[in-house]
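The values are calculated or read from the model by the stated rules, or taken from the named source; none is laboratory data. In this text the structure is predicted, and so the values were computed from the model without any measurement. Cβ placement follows ideal geometry from the backbone for every residue including glycine, while neighbour counts extend to all protein chains displayed.
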Amino acid sequence: MYRETQIIAGSSHPSFAEVGQPGEFIINVGPQHPATHGVLHLVITLSGETIKKVEPHLGYIHRSIEKMCESLSYRQFIYVTSRMDYLSAHINNHACAMCVEKGLQVEIPPRAQVIRVLMDELTRIASHELWWGAMAMDLGAFTPFFHAFRERETINDIMEETCGARLTMNYMVPGGVMQDIHPDFQKRVKEFIQLYKRKVHEYDEMVTGNIIFQNRMKNVGVLSAEDAISYGCTGPTGRGSGVSCDIRKLYPYEIYSTLEFDEVLETGGDSFARYMVRIREMNQSIRIIEQLIDNIPEGEVLTKTKAVLKLPKGEFYTRVETARGELGVYIVSEGGTNPFRIKFRSPGFSNLSVLDHIARGSKIGDLVAMMGTLDLVIPDIDR
Amino acid sequence: MTNEELKAKITELLPAATFEEGGEWININIESKDWLSAAELLRHESSLFFNYLFCLTCIDWKTHLTMVYHLSSTQYRHNLVVRCKLDRNKPEIESVSHIWRTAEFHEREVYELFGVNFLNHPDLRLLILPDGWEGKNPLRKDFEDPVNMIKL
């Protein structure tokens, strides 16, 4: 209904126009806006400072990954999925590899399972670190960004040694992981844990306990548990509203059922609750890594599979917990070497859909705090 | 509820549904005209209580389209897959966005990528594709784009 062209035609200013009811204004946020962390376009209807409606316009980074996958083989399509949620690239690859393994009915070696879980949890910490820095930057503080990157870079270095890449790893393949871990992996991860434990109090001192941040996040963007379920919100967004939705606990995969960790739940439902879930989740990830880092079983890291994979006719669905929520991979196979249809149920897509609901009636200045704690990654939403 | 109990319960409550074997979850097929009443029953019946729609998508089988709904219950932790067959030339099905709010965005996505018309959808517009998009729906099997190469 409200398009850029109409807005330009209706006003002397290209991104600001008065429409509808008297006193109602339309503001475009994005597609290039620092707070959207990517190319998200929000068309916001305002009455004074109060938000009447938020309408997301997507597709600026739509690459039609689902269509591309239809012409790629079961070994190839996993590489494309690193480009969806690029902050949880390992976990995306993991979900796809698991779905193919489910179709092939192959078991992966215990060593590969432990390596996969270790990589997933390191990725989760790295993703939350970036979110924490970027969210503080959205709310006007630049220093936390550097503090977050100091730890995040260490994880990226660990990844680079083993996987050869820092962002799009493509390390998990059907049957296990591509190659064994670097000889220094365990040493470096232990160093990281020491570093993290030395530095984590800074996060609380700088942001969590800061009264300015608390005032900007508490009672902002309140989401009830019923709405969170109805809108399909998962991950820290759902758990901040008290919805138990951790796939690692509910439908355990790999070795998660044997590990000791807590599902982090907050009941506030506001931005601060979502913030606290992520901060506490990082500590749980450290706990998982500590349990595993000295107990990586010896053995193979890759099961022998055929060079050309063929999935039997049927439908396969796997769910994993990424840093943002529940990622579903749905493969429909006709028995060939390519998937007939593939669907990625991305967590960001559902989490974004709730933005309009939680933003209505609040002030425009709070929108950034809401978007920040939803942790939107735009390539994950557009796919 | 175990899969057997769930199957017995659905047979009792939804006589129109036909079961399909395979997969880890119970699969049912429903006529598209019965879908809205079935969805309301699945959501509100207290012993089923499917309150979480975790995936909504469509498959183009070249001869027909199939809508696929993955449902889950956060209370009982049981899962169900519902399929509705649609006519490929005139695909129409009732919207369920008032039952599960997440369906609003997912249906808009299916609308533009597969051309399925969702009846009584509150806001059925293009979501991902650019405005003024004309021509075929990209995720249909007969879609070919000579300019932007998709086949690798």
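Conditions first: (1) in a strand (DSSP E or B); (2) among the aromatic types (Phe, Trp, Tyr); (3) within 19 Å of A:Ile342 (Cβ to Cβ). B:Phe118 passes all but one, so which condition is the exception?
For B:Phe118, the exception is condition (3).
Just for the range A:213-223: of the residues that are part of a loop (DSSP other than H, G, I, E, B) and more than 14 Å from A:Asp356 (Cα to Cα), which one is nearest to the other protein chains (Cβ to nearest Cβ)?
First, pick out the residues of the range A:213-223 that are part of a loop (DSSP other than H, G, I, E, B): A:218-223.
From the residues that got through so far, the ones that are more than 14 Å from A:Asp356 (Cα to Cα) too are A:218-219.
Details: A:Lys218: 25, A:Asn219: 22 Å.
The extreme case among them is A:Asn219.
Going by what's in this entry, would A:Asp356 be described as more than 14 Å from every other protein chain (Cβ to nearest Cβ) and either farther than 25 Å from A:Arg75 by Cα or among the β-branched types (Val, Ile, Thr) (or both)?
no
Give the residue, chosen from A:Ser230, A:Ser224, that is surrounded by fewer than 16 Cβ atoms within 10 Å (Cβ to Cβ) and either over 17 Å from the mean Cα position of the chain (by Cα) or touching a residue at least 40 places away in the same chain (Cβ under 8 Å) (or both).
A:Ser224
Every residue in the range A:13-36 that is at pLDDT 75 or above, surrounded by 17 or more Cβ atoms within 10 Å (Cβ to Cβ) and either within 30 Å of A:Thr81 (Cβ to Cβ) or not hydrophobic (A, V, I, L, M, F, W, C) (or both), please.
Of everything in the range A:13-36, those that are at pLDDT 75 or above, surrounded by 17 or more Cβ atoms within 10 Å (Cβ to Cβ) and either within 30 Å of A:Thr81 (Cβ to Cβ) or not hydrophobic (A, V, I, L, M, F, W, C) (or both) turn out to be A:Asn28, A:Val29, A:Pro31.
Taking the criterion of being closer than 23 Å to A:Lys67 by Cα and modelled with pLDDT of 85 or more, would at least one residue in the range B:141-149 satisfy it?
Taking every residue of the range B:141-149 in turn, none turns out to be closer than 23 Å to A:Lys67 by Cα and modelled with pLDDT of 85 or more.
Filter the range A:326-343 down to the residues that are more than 8 Å from every other protein chain (Cβ to nearest Cβ) and buried (at least 23 other Cβ atoms within 10 Å of the Cβ), then identify the one that is farthest from A:Ile65 (Cα to Cα).
A:Leu327
Taking the criterion of being over 24 Å from A:Asn351 (Cβ atoms), part of a loop (DSSP other than H, G, I, E, B) and more than 14 Å from every other protein chain (Cβ to nearest Cβ), would at least one residue in the range B:32-42 satisfy it?
No, there is no match, as no residue in the range B:32-42 is over 24 Å from A:Asn351 (Cβ atoms), part of a loop (DSSP other than H, G, I, E, B) and more than 14 Å from every other protein chain (Cβ to nearest Cβ).
In the list B:Lys141, B:Lys85, B:Lys136, which residue meets the criterion of being within 9 Å of another protein chain (Cβ to nearest Cβ) and under 28 Å from A:Leu72 (Cα atoms)?
The conditions single out B:Lys141.
Looking only at the range A:83-114, which residues are over 21 Å from A:Glu129 (Cα atoms) and among the hydrophobic types (A, V, I, L, M, F, W, C)?
A:Ala95, A:Cys96, A:Ala97, A:Met98, A:Cys99, A:Val100, A:Leu104, A:Val106, A:Ile108, A:Ala112, A:Val114
Among (1) aromatic (Phe, Trp, Tyr); (2) outside the structural domain of A:Thr337 (by TED's automatic domain parsing); (3) out of contact with any strand residue (DSSP E or B) (no Cβ under 7 Å at 6 or more places or on another chain), which single condition is A:Phe25 missing?
Every condition holds for A:Phe25 apart from (3).
Only one residue in A:Asn283, A:Asn295 is assigned by TED's automatic domain parsing to the domain that holds A:Glu101 and within 24 Å of A:Gly238 (Cα to Cα). Which one?
Being assigned by TED's automatic domain parsing to the domain that holds A:Glu101 and within 24 Å of A:Gly238 (Cα to Cα) holds for just one of A:Asn283, A:Asn295, which is A:Asn283.
Just a yes or no: is a residue in the range B:52-60 more than 13 Å from chain A (Cβ to nearest Cβ), modelled with pLDDT under 90 and within 16 Å of the chain's Cα centre (by Cα)?
no
If we keep just the residues of the range A:311-322 that are out of contact with any Phe, Trp or Tyr (no Cβ under 8 Å at 6 or more places or on another chain) and assigned to a loop (DSSP other than H, G, I, E, B), which is surrounded by the most Cβ atoms within 10 Å (Cβ to Cβ)?
A:Thr322
Given A:Asn92, A:Asn156, which one is surrounded by fewer than 20 Cβ atoms within 10 Å (Cβ to Cβ) and at pLDDT 90 or above?
Numbers: A:Asn92 fails: surrounded by fewer than 20 Cβ atoms within 10 Å (Cβ to Cβ).
Sole residue among the options that is surrounded by fewer than 20 Cβ atoms within 10 Å (Cβ to Cβ) and at pLDDT 90 or above: A:Asn156.
Which members of the range A:30-60 meet the condition of being under 19 Å from the mean Cα position of the chain (by Cα) and at the interface with chain B (Cβ under 10 Å from one of its Cβ atoms)?
A:Pro56, A:Leu58, A:Gly59, A:Tyr60
Identify the single condition in (1) part of a loop (DSSP other than H, G, I, E, B); (2) closer than 18 Å to A:Ile342 by Cα; (3) not aromatic (Phe, Trp, Tyr) that B:Gly135 does not satisfy, given that it satisfies every other one.
For B:Gly135, the exception is condition (2).
Tell me yes or no: at least one residue of the range A:249-262 is in a helix (DSSP H, G or I) and among the aliphatic types (A, V, I, L, M).
Yes: one or more hits.
Which condition number in (1) surrounded by 19 or more Cβ atoms within 10 Å (Cβ to Cβ); (2) within 14 Å of chain B (Cβ to nearest Cβ) is the one that A:Met135 fails?
Unmet condition: (2).
Which of (1) within 13 Å of another protein chain (Cβ to nearest Cβ); (2) more than 30 Å from A:Arg248 (Cβ to Cβ); (3) assigned to a loop (DSSP other than H, G, I, E, B); (4) touching a helix residue (DSSP H, G or I) at 6+ places or on another chain (Cβ under 8 Å) is the odd one out, the single condition B:Ser97 does not satisfy?
Result: B:Ser97 passes all but (2).
Does the range A:234-245 contain any residue that is within 14 Å of chain B (Cβ to nearest Cβ), part of a helix (DSSP H, G or I) and without any contact (Cβ under 8 Å) to a residue 24 or more places away in the chain? Working first, answer last.
So the first thing to find is which residues in the range A:234-245 are within 14 Å of chain B (Cβ to nearest Cβ), and the list is A:234-235, A:237-239, A:241-245.
From what's left, part of a helix (DSSP H, G or I): A:235, A:237-239.
Of the ones still in play, those that are also without any contact (Cβ under 8 Å) to a residue 24 or more places away in the chain are none.
No, there is no match, as no residue in the range A:234-245 is within 14 Å of chain B (Cβ to nearest Cβ), part of a helix (DSSP H, G or I) and without any contact (Cβ under 8 Å) to a residue 24 or more places away in the chain.
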